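One structure is given below, encoded as structure tokens.
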Amino acid sequence: MDRNIVRALLSVWDRPAFRDGLQHLIDLDEVTALLAALAVDDRADEVDQRVRGLLRSALDTAEIRRAVLLLVDTDDVRQDVLPIITDALADRPELARAIASALDDPAVRAELAAALESEPLRATVWRAVDDQYRDRRLRMIGDVVALLARHRPARRLVWLLKRHGLLRALRHR
């Protein structure tokens, strides 16, 4: 994770309403420590593994999924995070514009919600993430193909992201 994206997460994390809503669901101190560890350039692989584990367990919790989606749907939070994403992607302005455009689209946010609510889809995404992390590129590609073939919300979300130019921007470095 890029240090600037971590700054965006920290700014959201500092919102009292967000923390109050999650304090009975997760260990707030552990999340704070992980975000701080992520902000360091030279971090250990164990930190990335802990973050993936925390994200996986968090997204399996309905209340946390709703909290994350509420943040994406809340205009002022989204507007706070977008400049940080733009700064993090200063060398890729086309990608930053595509992300901003996609996040401002209510249809993208609705498909993101549908995708997050699908347990089989989440499981397939995590397999792809694990394969990428373990540098199993061909297996990851297979996971992505399976994701698109089996999960309609994933296909719709990809189509919407393509419409916003996000896929094109990801291909250009």
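Over all pairs of different C-alpha atoms, region 75-118 has a mean inverse distance whose reciprocal, the Kirkwood radius, equals 11.1 Å.
How much net charge surrounds Pro106 when only other residues with a Cβ under 13 Å from its Cβ are counted (Lys, Arg +1; Asp, Glu -1)?
Working: positive: Arg78, Arg109; negative: Asp73, Asp75, Asp104, Asp105, Glu111.
That works out to -3.
Rounded to whole Å, the principal axis extents of the Cα atoms in region 98-173 read 32, 32, 18, largest first. Which net charge results when you count Lys and Arg as +1 and Asp and Glu as -1 among the other residues whose beta-carbon is under 15 Å from that of His151? Local charge sum for His151: +2. Sequence-distant contacts, meaning Cα pairs under 8 Å at least 6 residues apart, place the relative contact order of region 66-173 at 29 percent. Taking the average, over residues, of other Cβ atoms within 10 Å as the packing measure, peptides 96-105, 144-153 rank 96-105, 144-153 from highest down.
Summary of packing: across the peptides 132-140, 163-171, the per-residue average of other C-beta atoms within 10 Å ranks them, highest first, as 163-171, 132-140. Of the three principal axes defined by the Cα atoms of region 36-173, the extents in descending order read 38, 35, 32 Å.
Since every read-out is calculated from the coordinates, none of them should be taken as a lab result. Everything quoted here is computed from the prediction, not taken from an experiment. Note: ideal-geometry Cβ built from the backbone for every residue, glycine included; neighbour counts use all protein chains shown.
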